[in-house]
1. Rounded to whole Å, give me the distance from the Cα center of the range 251-275 to that of the range 618-633.
2. For the residue pair Asn593 and Thr317, what label-to-label distance in nm results when each label sits 7 Å from Cα along the Cα-to-beta-carbon direction?
3. Can you tell me how much longer the chain between Ser542 and Arg452 gets when fully stretched, taken as 0.36 nm per residue apart minus their C-alpha distance, in nm with one decimal?
4. Subtract the Cα-Cα distance of Arg763 and Lys24 from 0.36 nm times their separation in residues, and report this length gain in nm to one decimal.
5. Are there any trypsin sites (Lys or Arg not before Pro) in the range 540-625 that are in a DSSP loop and have at most 14 other Cβ atoms within 10 Å? List them by number.
6. Helix by helix, which DSSP H runs in the chain go 30 Å or more along their axis at the Cα atoms and have an average Kyte-Doolittle hydropathy of 1.6 or more?
7. Cross-link partners among lysines for Lys24, C-alpha distance below 21 Å, same-chain residues fewer than 8 apart left out?
8. Considering just Cα atoms, how many Å³ per residue does the convex hull of the range 713-767 enclose?
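We did not get these values from a lab; they are worked out from the coordinates using the rules stated. From a predicted model like this one, the values you see are computed outputs, not experimental measurements. All Cβ positions, even for glycine, are placed from backbone atoms using ideal geometry, and neighbour counts span all protein chains on display.
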Amino acid sequence: MSSEQKITLYRGPAGGWGALSSVKDALLHHGIPVKGARTLLSANQPEGFDCPGCAWPDRNPHSTFEFCENGAKAVAAEATARRATPEFFARHTVTELAAQSDFWLEEQGRLTHPLRYDAASDRYVPIGWDEAFALIARHLNALADPDQAIFYTSGRTSNEAAFLYQLFVRQFGTNNFPDCSNMCHEPSGVAMRAQLGTGKGTVTLADFEQADAIFIFGQNPGTNHPRMLGELRAAHRRGARIVSFNPLRERGLERFADPQDKRQMATLGSSPISTHYFQLRVGGDLAAVTAMAKHVLEVHRERGGVLDEAFIAEHTTGFEALAAQLAATPWRVLEEESGLSEGQLRAAGEVYCKAERVIACWGMGITQHKHAVATIEAIVNLLLLRGNIGRPGAGPCPVRGHSNVQGDRTMGIWESPPPALLDRLEAVYGFAPPRAPGVDTVGAIHHMLAGRGRVFIGMGGNFAAATPDTPLAWKALRQCALTVHVATKLNRSHVVHGREALLLPCLGRTEVDLQAGGPQGVTVEDSMSMVHISQGINPPASPHLLSEPAIVARMAAATLGARSRVPWGWLVEDYARIRDEIEKVFPDFHDFNQRVAVPGGFRLRNTASERVWATPSGRAQFAAHALPLPTPAHRARAQNPARQVFTLLSMRSHDQYNTTIYGLNDRYRGVHGQRQVVFIHAEDLRALGLRAGELVDIHALWDEDGGHERCVRGFRLVAYDIARGNLAAYYPETNPLVPLSAVADGAGTPTCKSIPVLLLPHRAAGGAASRVGA
Ligand SMILES: Nc1nc2c(c(=O)[nH]1)N[C@H]1C(S)=C(S)[C@@H](COP(=O)(O)OP(=O)(O)OC[C@H]3O[C@@H](n4cnc5c(=O)[nH]c(N)nc54)[C@H](O)[C@@H]3O)O[C@H]1N2
Ligand SMILES: Nc1nc2c(c(=O)[nH]1)N[C@H]1C(S)=C(S)[C@@H](COP(=O)(O)OP(=O)(O)OC[C@H]3O[C@@H](n4cnc5c(=O)[nH]c(N)nc54)[C@H](O)[C@@H]3O)O[C@H]1N2
Ligand SMILES: [Mo]
């Protein structure tokens, strides 16, 4: 992996030879020899493991291997030959480790031994597993109230581990289950549950074969869900319209060369993806989708036959209120807020009207805004207008992130569990689960800062790096009496620790999980509700690793002791027993072991896809609201009239998995050897009197917490094709700019995609900076 710093315009397609060579580099880098090929070929195969890359479903579990560059990099990162051993930890104090970059920390390789923080030497030192569980039990049982403990989950955790985890924690007595979903697709669940009676998308891959139009809002599949490009390419080839809404030009939404297409690879050919590309303003989707719906109603009035009136009458409520609200919203406001012209908005609306079957996909560009829930409601409204839910080729498709984030929620990793779940737990296990809601991710930070959260346990993930308002999040973790991380690799959260701290290394997806009952498989649920088995093939990274289900079971047994009648140890001897327990609690998992034994697994029931609406009214709900004005960006502009206020979005590069940085390149955006960059429109650069390549500091403008200063320094300006007035930079480097109090209304998701900011010339920390654009 070259580390030379440069910025070059990328002219090739997504995929192609660049993808192959990047995978080769990753394998070499991780010291993965020929075995690596076997490891890669086992990803998403019936006898193999579920790719830890993303939650996009597998096309054909029976035959082909689907090549995916970033899936391969995720696998290589886990299957790496590098090891962070006790000798490594003996060589470095935790203070030294904390001074290293996120990239460097992960680079040290797989954790090999359970470790305890030793304050006297400021080092992580080995500890026995029994001792580690006893320490956790001592801390948990010493708490005055179970709500003083916080149990975080990242979305790689299997169904089996997640089920045991929520059972343990609820029996312990709290619903404090913050998870990565709170920072991710929470608003999708909130909006769709209220409107459709299910928090999950309704479409399957078969629907992608039939859609006439696919709308993609705020998602970058070329990097984050590369296998989705195969579906989009096929759809484009059969003449479907593909309409992208994104403030940035993303190469993966423009052109794709499938590395498995021999002809295309030989001729350096590629396929177009989007038929329409709308570079709207950051956060402008609510206005854009509202405009499309307004267009639908207007053309229906003119030429008729556009609305699905029978569907609306039979299946929905709230149409009149929506129609009134759309009529009352002027085009001028929709143009201003979306940053698109009436002509563009009507053109998008026209594609929608002309398509018989429509799928709407969305990602973090939609969910990480103050008005995320309202925006998703507007997308669902749009689909409902023409009956585009619950029939072939049509429906909502929130594209999930982590490979089992959807399954973890299904299993009950949820700070506001539905009463029906608690009733089932009570009936099956005979204890009274806590009924009060717990804290979500942002709530957990407040809880710790207030001294009410005292023990933090992380089932995977990287809480310290993934969460907003970094200095506050770190302060919160450091105030804890105990922090515990179940992890595969060293990360920021392990060096930002409580007074006592444990690091518990676990098996990864790719590894053989041997229990008393033989090698075990776990199950996961993808973004389209397919549940299937995942079985590792590699030898464990170290003989001292435990599986996540085993860690949870032993933590539960040590903590609950005679208080629990659950046979924790017996359950983990054979995970089929855990699946039997899952079946007892969740009726949708009937005959779980039989159904998951079939290659490809089975699909969970999705009521909305059958046009059964599990809402209070028994119908699908249109949601009508006026555009929420003023937004935080408006306020920041009004308060700084003489300055150029930008809206900053934070996003992933092509060389990272969330907080795991694989490398310093972002090939499709032309960035090499660096991550401290900020993308800006060339005209905005000129207006500021700055040049590409110069360094700037980025200051957040947030008026809700008394002017607390939020700043990141030394970012290189990169001229880019991005809607004017907006900036883009990478996550997690920009997390210090995201205020803890800036969250999605009704969902609590940090607004990582819309931070009002100023750009200032770079000054070393502490130096006085004159304001640019003042
Ligand atoms: N290789 C790889 N794969 C991943 C991940 C990874 O880090 N690396 N992460 C996984 C996870 S957990 C998740 S949630 C997904 C994330 O996948 P995505 O949802 O694609 O996430 P992001 O990279 O954050 O960026 C989303 C896109 O939104 C656009 N955008 C930003 N603001 C707006 C807006 O206001 N409106 C519109 N229309 N667009 C906007 C950005 O320009 C960018 O193209 O990917 C998953 N898969
Ligand atoms: N500014 C900004 N912030 C964001 C986002 C953004 O777009 N912008 N995106 C948000 C989103 S969508 C998400 S999902 C969150 C992600 O938040 P998290 O899910 O908390 O973070 P990850 O970076 O995915 O976690 C990586 C770590 O997980 C551990 N790990 C990997 N595999 C396994 C495993 O199999 N088992 C266990 N136990 N541990 C494992 C490794 O130690 C690794 O260091 O970040 C959010 N934060
Ligand atoms: Mo995510």
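1. 38 Å
2. The two pseudo-label positions are separated by 4.4 nm.
3. Working: separation 90, 0.36 × 90 = 32.40 nm, distance 3.66 nm.
Once the chain is fully extended between Ser542 and Arg452, it gains 28.7 nm.
4. Values: separation 739, 0.36 × 739 = 266.04 nm, distance 3.95 nm.
My answer for the length gained is 262.1 nm.
5. On the way: sites: Arg554, Arg563, Arg565, Arg577, Arg579, Lys584, Arg595, Arg603, Arg605, Arg611, Arg619; in loops: Arg565, Arg605, Arg611, Arg619.
Passing both the DSSP loop test and the Cβ count: Arg565, Arg605.
6. Working: long enough: none.
The qualifying helices: there are none.
7. Straight-line reach from Lys24, under 21 Å: Lys35, Lys73, Lys262.
8. Numbers: hull volume 6.3 nm³, N = 55.
Per-residue hull volume (Cα only) is 114 Å³.
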